[in-house]
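For reference, the structure discussed in these notes is given below.
Taken together, the values in this text are just the output of simple stated rules run on the coordinates, not laboratory data. Predicted model only: the values in this text are computed from it and were never measured. When we count neighbours, we look across all protein chains shown, and the Cβ atoms used for this are built from the backbone with ideal geometry, even at glycine.
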Amino acid sequence: MFRLNVIRYFDAAHGLRNFQGADEPIHSHHWKIEVSLESDQVDVSGCAIDFHEVDRSIDEALAPFAGKSFNDIPPFDVTSPSAELIAKYLYERLQKSLEKNGVILKGVTTCEDDCHCATYFA
C-alpha cells in the first residue's frame, strides 16, 4: 500500500460563529492543508497519481477562499468556519476529483498554524 501526502499553504481569514457564546472576531491565518491519499497500485511510470493533478485539485478547492474571509463565502457564510468543518468541506470537494484508478482519499488536515490542526477522514 502506498500513502501520498500533498501539502499546500494559503492565507485566509475566519471567525468562528457562536464560539463560547459569541461570534469570534475575524482574524487571519497562514493555513496549511495536507491531503492524504492511498493506493495499492502504481502506473507504468511508477506513480499512483500525478502530484500535479493533486496540486491542481487542491488549488481549485482553495481558490474561492485564498486571501479572503471564509465567513463571506458559501458554505461558511452560514456555517461556522472551524478547522474541523473546513477539513470536512475540502474532503468532500476533493473526493470527487481525486478518487479514481484505485486511489482513495484518506483524509484532509487543516492547520491554522504549526500547532493547531484538525483532520477529517471517512
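Of all residues in region 61-78, those that are in contact (Cβ under 8 Å) with a residue 24 or more places away in the chain and either over 16 Å from residue 110 (Cβ atoms) or not charged (D, E, K, R) (or both) total 9.
Considering each of 96, 106, 88 in turn, give the residue that is touching an Asp or Glu at 6+ places or on another chain (Cβ under 6 Å), farther than 19 Å from residue 9 by Cβ and not aliphatic (A, V, I, L, M). Break it down stepwise before answering.
Numbers: 96 fails: touching an Asp or Glu at 6+ places or on another chain (Cβ under 6 Å); 88 fails: touching an Asp or Glu at 6+ places or on another chain (Cβ under 6 Å).
Just one listed residue meets the conditions, 106.
The residues in region 28-75 that are within 17 Å of residue 6 (Cβ to Cβ), small (Gly, Ala, Ser) and part of a strand (DSSP E or B) can be counted, and the count is 2.
Picking from residues in region 80-107 that are under 13 Å from the mean Cα position of the chain (by Cα) and assigned to a loop (DSSP other than H, G, I, E, B), the one that is surrounded by the fewest Cβ atoms within 10 Å (Cβ to Cβ) is 82.
Across region 18-34, the qualifying residues are those that are over 20 Å from the mean Cα position of the chain (by Cα) and charged (D, E, K, R), and the one among them that is surrounded by the most Cβ atoms within 10 Å (Cβ to Cβ) is 24.
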